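Here is the structure we will look at, set down as structure tokens.
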Amino acid sequence: MKYLCLVYLDENRLHELPDEDCVEFDTSIRNSGHCIASEALQSVQTATTVRVRAGKMSITDGPFAETKEQLAGFYMIEARDLNEAIQIASKIPPARVGGIEVRPVRPIREAVAEAQAQRQSSNV
């Protein structure tokens with residue numbers, strides 16, 4: 001099952017984590033076969049939030065919400081279950097100064113394709 005591990009931390013504490021530690025972990029998780037994708041994000045100061053309401057787009061500089069901790073990066077992982085995903089997330093270096101949100105990926109494309117296939121087979 002796929003899980004998204006969202007890395008949150010106070011950007012003021014980023015200097016406490018050597019980039020080398022993060023790259024070393026990234027290399028090890030990729031080599032283990034658990035990592036599907038991972039990236040660090042630029043500072044929250046570079047964020048732009050886009051909203052569409054009543055057909056009109058609005059753009060706001062900055063993150064979606066004001067919080068103490070900001071989204072700093074992510075890991076898309078493959079794990080047997082939530083317990084394994086949590087064990088993997090606990091090894092992500094920013095967990096030492098921030099938090100890692102672990103969420104199952106909702107297989108929306110597969111669900112829609114399956115529903116369409118079932119509709120087509122029932123129409124035959």
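Just one of the listed residues (Ile88, Ile92) is of a type in the set (Val, Ile, Thr), modelled with pLDDT of 95 or more, surrounded by 15 or more Cβ atoms within 10 Å (Cβ to Cβ) and more than 12 Å from Tyr3 (Cα to Cα), and it is Ile92.
Tell me, yes or no, whether the stretch 111-122 has at least one residue that is among the β-branched types (Val, Ile, Thr) and either surrounded by fewer than 10 Cβ atoms within 10 Å (Cβ to Cβ) or touching a Leu at 6+ places or on another chain (Cβ under 9 Å) (or both). Checked the stretch 111-122: no residue is among the β-branched types (Val, Ile, Thr) and either surrounded by fewer than 10 Cβ atoms within 10 Å (Cβ to Cβ) or touching a Leu at 6+ places or on another chain (Cβ under 9 Å) (or both).
There is at least one residue in the stretch 37-58 that is under 30 Å from Arg80 (Cβ atoms) and at pLDDT below 95.
Does Tyr3 fit the bill of being in a strand (DSSP E or B), of a type in the set (Phe, Trp, Tyr) and modelled with pLDDT of 95 or more? Spelling it out, Tyr3 is indeed in a strand (DSSP E or B), of a type in the set (Phe, Trp, Tyr) and modelled with pLDDT of 95 or more.
The values are calculated or read from the model by the stated rules, or taken from the named source; none is laboratory data. Note that the coordinates shown come from a computational prediction; the quantities given were computed from them, not determined experimentally. All Cβ positions, glycine included, derive from the backbone under ideal geometry; neighbour counts span all protein chains shown.
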